[in-house]
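The values are calculated or read from the model by the stated rules, or taken from the named source; none is laboratory data. Note that the structure is predicted; figures quoted are calculated from it, not measured. Counting neighbours? That spans all protein chains shown, and the Cβs are built from the backbone with ideal geometry, glycine included. Please note that ligands, DNA and RNA were not included when accessible areas were found on the heavy atoms of the full protein model with its side chains. Shrake-Rupley method; radii C 1.70, N 1.55, O 1.52, S 1.80 Å.
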Amino acid sequence: GAGVSQSPSNKVTEKGKDVELRCDPISGHTALYWYRQSLGQGLEFLIYFQGNSAPDKSGLPSDRFSAERTGGSVSTLTIQRTQQEDSAVYLCASSLAVSSSGNTIYFGEGSWLTVV
Amino acid sequence: GESVGLHLPTLSVQEGDNSIINCAYSNSASDYFIWYKQESGKGPQFIIDIRSNMDKRQGQRVTVLLNKTVKHLSLQIAATQPGDSAVYFCAENRGGRETSGSRLTFGEGTQLTVNP
């Protein structure tokens, strides 16, 4: 597609339920990133993929969070047993590659998650 | 810890004036810097970038200046317009070896308000 596409754009879920967020990167981009942004805050790195592998998962806040990427394209971020503190905007981004500095990273519009 | 931060959380200017948004970074190994603009309810939008081997880079109505001696980055917006009102984030990208990954570390953001 023309840009990074994320779905759902908005999700309201009950505490304790699992949620899945989807990201479709720009076609041809091998690197994919997940960030989280709480209201009025900066962006917090969660995880990135180079192809289907995730060399850096250091930003995942707990073992309730997991992500996968298949076919070197679409990625899903799963949050199990959601808590109210998980409420945030989950932003996906992609770039042509990871290994070279200077590859522009493009963001999607985000998935707004509210846990009630 | 190492981080990227901004000097001012808010900046208010008159339409037509020039705006300067500042950013300080602490990681001397960072070799690539980016400015993003984020409008309310949207994902970050790439504005301009600069590599560490440069001091200045110009785009359309925007200029980024990099002072590696004092680890300072600034974004200058010429003839600021109401449509420029948004939160502006600076980010550093360490790049480097593929095994170490490449990801963005964001500052907290500056809210720019342009008064008509």
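For region B:31-45, a tally of residues being under 25 Å from A:Gly108 (Cβ atoms) and either surrounded by 15 or more Cβ atoms within 10 Å (Cβ to Cβ) or in contact with a Leu (Cβ under 6 Å, 6 or more places away or on another chain) (or both) returns 9. Of all residues in region B:47-57, exactly one satisfies the criterion of being open to solvent by less than 60 Å² (accessible area, probe 1.4 Å) and at the interface with chain A (Cβ under 8 Å from one of its Cβ atoms), namely B:Asp49.
Across region A:60-96, the number of residues qualifying as modelled with pLDDT of 95 or more, among the polar types (S, T, N, Q), touching an Asp or Glu at 6+ places or on another chain (Cβ under 8 Å) and open to solvent by 10 Å² or more (accessible area, probe 1.4 Å) comes to 3. Test A:Ile105 against the criterion of being within 7 Å of chain B (Cβ to nearest Cβ), hydrophobic (A, V, I, L, M, F, W, C) and either touching a residue at least 60 places away in the same chain (Cβ under 8 Å) or open to solvent by 20 Å² or more (accessible area, probe 1.4 Å) (or both), and give yes or no. Taking the combined requirement at face value, the residue satisfies it. Restricting attention to region A:23-59, the residues that are among the hydroxyl-bearing types (Ser, Thr, Tyr), open to solvent by 30 Å² or more (accessible area, probe 1.4 Å) and over 17 Å from B:Lys42 (Cβ atoms) add up to 4. Take the conditions (1) within 13 Å of chain A (Cβ to nearest Cβ); (2) in contact (Cβ under 8 Å) with a residue 12 or more places away in the chain; (3) among the charged types (D, E, K, R); B:Lys68 misses just one of them, which is (1).
Considering only region B:83-104, how many residues are facing chain A (nearest Cβ under 7 Å) and modelled with pLDDT of 70 or more? Of the residues in that region, 3 qualify. The C-beta contact set for region B:13-24 (first residue within 21 Å of B:Phe89 (Cβ to Cβ) and in contact (Cβ under 8 Å) with a residue 24 or more places away in the chain, second residue open to solvent by 50 Å² or more (accessible area, probe 1.4 Å) and part of a loop (DSSP other than H, G, I, E, B), distance under 9 angstrom, 6+ apart or interchain) comprises B:Ile21/B:His7; B:Ile21/B:Leu8; B:Asn22/B:His7; B:Asn22/B:Leu8; B:Cys23/B:His7; B:Ala24/B:His7; B:Ala24/B:Val70; B:Ala24/B:Lys71.
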